[in-house]
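Worksheet: the structure to be examined is printed underneath.
Every number here is computed from the coordinates shown, using simple stated rules; none is lab data. Because the structure is a prediction, the values reported are computed rather than measured. We place every Cβ from the backbone using ideal geometry, glycine too, and count neighbours over all the protein chains shown.
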């Protein structure tokens, strides 16, 4: 297990390098001159030159890249073009927000998806199965932000059970935190729970036909034990592989759902950065997201190894 | 360290103080008042105090100053003694002069454009030298132009996120969250301690109108500002919320920048411009877009402003037949097409205007811009026309500074003003007394209507949405003509 | 031929037809929705009641009415008309992004797949990097470069989704490149590019079609999302996403604004996804689902219980552990299609009875029927299964769970699949001991080691901690036997327990069964298709054919003088060497499927001795040895002579 983690962490380095090269070369293609963007056309020639110097734009792209990389390696992702905010601190401030949404929605997606998938798989073609399958199919077709709008209209504006907007940090009040992330997480988790349910169902149906299930039942083990211990452990193996992809999807979905709930997470930061063409901010955001995705992949790999003895290095 | 300090400070006032939460509709760009080009003043007021401020009736009241004297191009201002910046530096004439001179150099604040230089006459006397007579100089010092930054912070490249002033509260960076909330805590060295009534003041950055409304409904904020839109109308109707219609107004108008027809020849034809002014159904516009919260407008000022001329009411009342007739008489009976820049909050306004212009054969393409860039792009020749709002309490001289003079800020095509306009603009500067200046500006408004390169649409009051408790809080005082609450003496609800 | 053959039985005709119907209903519905969408998009100018940009400020934010079926938006524009024009944007968006994705992804994927090496490495690392960023973030970054707007956003999405087409194309090339025909084409001297086009493109089509449906659905959702956050289609143009953007601002005043565009997106994406599922299934399954089975015989067969068996039950054997009497298993609802009919036999303590027959004869299912573990859809409808005096058919689920393991256990064909791959083998035996016999963790483990030792595995302590995939087949089967015997059952059902093993191991396992039977004294029902194995281990043998028993005899007698033509066929087909693979050459044809059995003697259509009388049902006759053939005596004589 340790070797697996170490291997994964090592693989992270080239990946981050490639991503940083990609984003850096990509953003240096931007049609507009950042200095013009920042100063508008009001600044004097002198101001333009000073800013150019300060941003290091007079250096060739390659030099700029390595300067940036050197600082990034020390955790300094640079400074926003538009104010003196450090990219690292801006991203880190928003990270708990987006992570909260991603985490809670992943939790919801897993619980709902696994439960529905099992229920459907246990009685293939029963009404439970049809209902779950239909629900999963529709769930994957519903835009998360639209679902969010409806949830706000019903549960926040009409019933007032949850706040309609905003985010409370967990350190301020765990209860308020939970209230503030519930609706967005449900909106966000819907399509993933649908995807997971479909995956669990097909994996479970497959596993339930396996000899070892029949063999376990032939030994007189109770149905519950057979389903939850013998079948589920095996059915979760392909599901875990899907899960890491779904969490990436959730992270991306969070960017949009945040807008519905006016939550200041990475999404708001990203959209502002795009509108202003704030390149250092965009670079930092992409890099942090990739790192997050890799961590998630690592975690799922570990779980995968725990579930599947064949995947363990012996 | 700063965190511990803030905590200690918070506890000292906590018993009787509490928190007040305000929501601002614009995103914070910079906390440097001298780089700040208009909106977002509520982020600055807790930290920065200006030399003067507006009294309840719009009169100039000394704040960091104690008095002033204007003598031709020389302005002498006496400063309050015993005031220090929150970083410990002393507030004196030297610091004030450094501030004014930096403002001149940065050249962002319109009100300082008439100032040549500033110097310290003695420790508490500031002398300002004007380039030209300016009856509104003290007025300008009531706003960002008069806000005093600590000398050490003047050279700080990060002053946009690290403001240091003399105000009743200090900016608490560690508890603020970028793009979300700015936290202010009491200034332990404030010169007028009795006026600190809060342990904590927060300004939330909530650009989404619905989100801001929901925050007000759920009590996450105590007050906030709104444009005249659907959410403001909802607040107006909600039984437990109140919509405060404050003085000062946002005058929404269309500017024909290319009025000599460089890019769009039709704009050189006054008949076309008049037809456009007549084609706008301002009542319907007000009802549908501004939810009846505004009034029709035909001039730069609103009812009650000293330069307002009631006789101009209805000069371009909606008359489609007449507008079509003018178009037919003009050199462009077939109509024409032009581009109009837009930002999200003006989107529906422009879509409505496009619909009106379509009726007289004019196609207006809406070109979306990034929020916060409209004013800047409007000063370029990128667009033959633009749309902006202007606060009606702004001194009328700025109408000329913005739109009329050949080098006016929003005259990118350098159109030559008519002799009449130029003469009236000069005449308005001849006195410092409003009553003496008013006739000139009234005539100027009439002349503007006649030339019709500024098409005024509606005038909406400054709107605050507040909770019932805030509405009943006697310490809540709205700054004259401004979208912020006076923090001196503000105490929390309950 | 394998224990799961039961599950391979084709779905019953009725269900099968329903499924077909459901699929065609889905296909028709989704295609109609998409065609309607296309028509709306093409004829929007004629169909929309109003100009989508025509505003009427006085009539803003109205609910549905006769003039405006779906109401009006914030500028008094007709929602229905905007929705209809939104179809056009949706189709343009989906077509544009998907086309860009294909045009970018497929050629590049083909290229790097074919070239391999350095190109492949670099491009794939870049693809990995892009894929590891959330998709919407990739789109946002690209939009930062290009600027917002429908076409630019679609270019962004096209670039994003091109990665999946690239990987797909590359995968197909890599797979096909190794195919013989590509190599042979190269030998003939066709140039590289022609090889690619001629051989690889046709193979790429099916997965490409599936990927297109997936992409279209994803593009529609992504376009709506980007437009919603203001980076996609720009107002005043009507796209469903921008309509939702407007709706979000006016939720309080007119929540209905959010409903039409939301439903439009859902219905469209749902249709695309469902159609994709149908296409995927049909491609995956190879279009046809299998021949329709003839239903005619299903009903004619229900009746005529062969007089012999039902009327004269077999006399009980001495010290009988299991007695099966007149058992009938059917598949499907209602009367169902019979799979096993009129099956009776008994096994005594310490006896090994063989159940022999070809694949599909019903022998494995007999074993499963005793345990009550048949696949879904199968059930026993008649007869009794009496084990140690209890009729298992009458027991509740809980009661039969008590019987399993304790009184009857089963060893399956493939030891590597009958052990759970997720747990150590020891823990799987210990689990049975703990849950069934209430042993403590420690006691159970000690017993596990003892059992593993008993089945002849060296270093039992260590092996108990191994996972199934770490053991050889023979060792795994020993573990499975140990588990089956852990609760000391009185009946052991062994379903082809040696078939999956190497020949040398087979003998060891058979020896193990014999040893264990001597020690524990259980009865064994030994299911096998291999007569040599049966001859080796069984005391008696029953031959099954098409769901019924055709002959039963002591092993010696059976081999000496088979009386049923089928038995005779089986014996003459016995391989001389250990070759397991060849079919039984002297019996032509295959075992008929349930539902298509001949009405009379079920072997009649393959039988060389068939006469007219074989058209009627044939009872099982005899006393000491039983046979189901009207010509048995006749043939016996014939053969003897």
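Annotations for the structure displayed:
- Compared with the rule-of-thumb size 2.2 N^0.38 Å for a compact globular protein, region A:73-201 has a Cα radius of gyration ratio of 1.32.
- Cut-off 17 Å (backbone N to label point 7 Å along Cα→Cβ of residue B:283), residues of region B:449-465: B:457-459
- With Rh defined as the Kirkwood radius, the inverse of the mean 1/r over Cα pairs, the Rg/Rh of region A:242-309 is 1.10.
- Computed from the Cβ-Cβ distance with R0 of 45 Å, the FRET efficiency linking residue C:554 to residue A:225 stands at 0.60.
- Pair-distance profile P(r), taking every C-alpha pair of region B:288-332, with 5 angstrom steps and integer %: 5, 18, 17, 17, 17, 14, 9, 2
- Viscosity 0.692 mPa s, 37 °C: Kirkwood-radius Stokes-Einstein D of region B:25-98 over Cα pairs, µm²/s: 231 µm²/s
- Given R0 = 56 Å, the distance between the Cβ atoms of residue A:67 and residue C:45 translates into a calculated FRET efficiency of 0.50.
- Whole-number D in µm² s⁻¹ for chain C, Kirkwood Cα-pair radius fed into Stokes-Einstein, 4 °C, 1.567 mPa s: 43 µm²/s
- Using a Förster distance of 56 Å, the FRET efficiency for residue B:192-residue C:103 (Cβ separation, nearest 0.05): 0.20
- Paramagnetic label zone (point 7 Å from Cα along Cα-to-C-beta, residue B:328; backbone N under 15 Å) in region B:266-303: B:275
- From least to most packed, judged by other beta carbons within 10 angstrom and beginning with the fewest, B:345, B:280, C:266 follow the order B:345, C:266, B:280.
- With one equal scatterer per alpha carbon and no solvent term, the Debye-computed log10 I(q)/I(0) for region B:312-391 at 0.26 1/Å reads -1.21.
- Fraction of alpha-carbon pairs over 24 Å apart in region C:471-604 - percent: 37 percent
- Taking other C-beta atoms within 10 Å as the exposure proxy, C:410, C:251 rank C:251, C:410 from fewest upward.
- For region B:120-267, pairs of C-alpha atoms spaced more than 26 angstrom apart make up 54 percent of the total.
- Distance between modelled label sites at residue A:59 and residue C:283, nm, 7 Å Cα→Cβ extension: 4.9 nm
- On Cα atoms only, tilt of B:270-279 relative to the major axis of chain B in degrees: 70 degrees
- Under the Debye formula (equal points on every Cα, no solvent term), log10 I(q)/I(0) of region A:181-293 at q = 0.15, 0.21 Å⁻¹: -0.75, -1.07
- Linear extension gain, residue B:413 paired with residue B:260, 0.36 nm per residue minus alpha-carbon span: 54.3 nm
- For chain B, fraction of C-alpha pairs farther apart than 41 Å, in %: 21 percent
- Rounded tilt (10° steps) of C:13-42 against the dominant C-alpha axis of chain C: 10 degrees
- 10 Å binning of all Cα-Cα separations within region B:384-471, expressed as whole percents from 0 upward: 14, 44, 26, 9, 6, 0
- Stokes-Einstein translational diffusion, region A:92-311 - Kirkwood Rh over all Cα pairs, 0.692 mPa s, 37 °C, in µm²/s: 175 µm²/s
- Extension gain for the segment residue B:131 to residue B:311, taken as residue separation times 0.36 nm less the Cα-Cα distance, is 61.3 nm to one decimal.
- Orientation-averaged projected area, Cα convex hull of the protein assembly as shown (nm²): 65.8 nm²
- Extending 7 Å from Cα along the Cβ direction at residue B:321 and again at residue C:623 yields two label points whose distance is 12.3 nm.
- The angle between the Cα long axis of helix A:45-55 and the main principal axis of chain A comes to about 40°, on a 0 to 90 degree scale.
- Computed lengthening from residue B:156 to residue B:345, 0.36 nm per intervening residue step minus Cα-Cα distance: 64.7 nm
- Mean projected area in nm² (Cα convex hull; one quarter of hull surface) for region C:37-79: 3.0 nm²
- Ranking of A:127, B:390 by neighbouring Cβ atoms within 10 Å, starting from the fewest: A:127, B:390.
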